[in-house]
1. Which condition number in (1) modelled with pLDDT of 95 or more; (2) of a type outside the set (A, V, I, L, M); (3) surrounded by fewer than 19 Cβ atoms within 10 Å (Cβ to Cβ); (4) outside any helix (DSSP H, G or I) is the one that Ser200 fails?
2. Quick one: would you say Ser212 is modelled with pLDDT of 95 or more and over 22 Å from Gly263 (Cβ atoms)?
3. Based on what the data block shows, is Ser217 in a helix (DSSP H, G or I), in contact (Cβ under 8 Å) with a residue 12 or more places away in the chain and either more than 16 Å from Tyr103 (Cβ to Cβ) or not charged (D, E, K, R) (or both)?
4. Going by the structure shown, is Gly101 farther than 27 Å from Gly24 by Cβ, among the small types (Gly, Ala, Ser) and outside any loop (DSSP other than H, G, I, E, B)?
5. Within the group Ala108, Ala120, which residue is within 27 Å of Lys264 (Cβ to Cβ), surrounded by 17 or more Cβ atoms within 10 Å (Cβ to Cβ) and touching a helix residue (DSSP H, G or I) at 6+ places or on another chain (Cβ under 8 Å)?
6. Condition check: among the aromatic types (Phe, Trp, Tyr), within 24 Å of Phe29 (Cα to Cα) and touching a Cys at 6+ places or on another chain (Cβ under 7 Å). Does Tyr119 satisfy that?
7. Give me the pairs: first residue in the range 247-272 and assigned to a loop (DSSP other than H, G, I, E, B), second residue modelled with pLDDT under 95 and among the hydrophobic types (A, V, I, L, M, F, W, C), beta-carbon distance under 6 Å, and six or more apart or on different chains, which are they?
8. For the range 156-177, which residues satisfy the criterion of being assigned to a helix (DSSP H, G or I), in contact with a Phe, Trp or Tyr (Cβ under 8 Å, 6 or more places away or on another chain) and of a type outside the set (A, V, I, L, M)?
Amino acid sequence: MEVRVMVTGVYGLIAGAVYRYLDGQPERFTAFGCARREAPSVRAPTDASFILPEDRYFRADLADYDSVRKAVDGMDVVVQMAAEPDEGAPFEKILNSNLIGAYHVFEACRDAGVKRVVYASSVMASWGCLQDEPYKAIYECRFGDVPSDYHRVTHLDPPRPTEPYSASKVWGEALARTYSDVHGMSCLCVRIGWVNAEDSPYKPELLSTWCSLRDISHLVEQCVAAPDDLRFDIFYGVSDNDYRWVDTDHAKKVVGFAPVDGGKVKLNDPNKGTQGQAQ
């Protein structure tokens, strides 16, 4: 039986990749998309622009509850990707998309009887960990200072947002927990790593949290197709990178996440720096 899946923010970089990934499996999914305008995000690669068929597209601004409610009607799963993606954005810019908009999506899904919401959170919900060792050493590419048995941050560790954007993602996770516990919905959160249009970990300091487009699309797919009795969980969505400081074993165990890409460290001087390359 095909699953009807709505991907919000569908003309964005990650949401567009997820839509195409699901749409490429018509025997399993019927993919729909919504966005507030029919134009690719500035973050999306220029050669990957696409226009959804009219019968698969809904125009909706997340700040407008009625348009969101109409878009999610009849869906089995909603993948909530639409958001202000700029971690440097002021609170006023975060408010409508990431706070009010996220609430509208969860509430509209509850009212429409949608069984599952897959919420796009961010690895930046744990970004404050980079203030501490050995995570600071990883970010600064001081790999000689990183012990071999360092603790990878898990979904059980307290979130540590560092600005309004990452705090808004923790708010979304709290909404997911609320709608799961109070309303019986299945709400799965994916803390997405650093994804870019180049699809390459070209910045050494971000290599450890990089995620390829196909890896994040695969993880979302696994969440969409997870057993109905999986009510709530949080998964880190990063590729199989060297010096990865967040845990992906939990996602592998629970939903079968199996990343096929990974950023690899090429050591020049283990105490002074590295160069990152994609596998």
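The values are calculated or read from the model by the stated rules, or taken from the named source; none is laboratory data. Because the structure is predicted, anything quoted here is derived from the model rather than measured. In this analysis, Cβ positions are derived from the backbone assuming ideal geometry, glycine residues included, and neighbour counts consider all displayed protein chains.
1. Failed condition: (1).
2. Details: modelled with pLDDT of 95 or more: yes; over 22 Å from Gly263 (Cβ atoms): no.
The answer is no for Ser212.
3. Working: in a helix (DSSP H, G or I): yes; in contact (Cβ under 8 Å) with a residue 12 or more places away in the chain: yes; either more than 16 Å from Tyr103 (Cβ to Cβ) or not charged (D, E, K, R) (or both): yes.
So Ser217 fits the description; yes.
4. Details: farther than 27 Å from Gly24 by Cβ: yes; among the small types (Gly, Ala, Ser): yes; outside any loop (DSSP other than H, G, I, E, B): yes.
Criteria met by Gly101.
5. Working: Ala108 fails: within 27 Å of Lys264 (Cβ to Cβ).
The conditions single out Ala120.
6. Working: among the aromatic types (Phe, Trp, Tyr): yes; within 24 Å of Phe29 (Cα to Cα): yes; touching a Cys at 6+ places or on another chain (Cβ under 7 Å): yes.
Yes.
7. Pro270/Phe143
8. Initially, the range 156-177 is screened for residues assigned to a helix (DSSP H, G or I), giving 164-177.
Now restrict to residues that are in contact with a Phe, Trp or Tyr (Cβ under 8 Å, 6 or more places away or on another chain): 164, 166, 172-173, 175-177.
Residues satisfying the conditions are Pro164, Ser166, Gly172, Glu173, Arg177.
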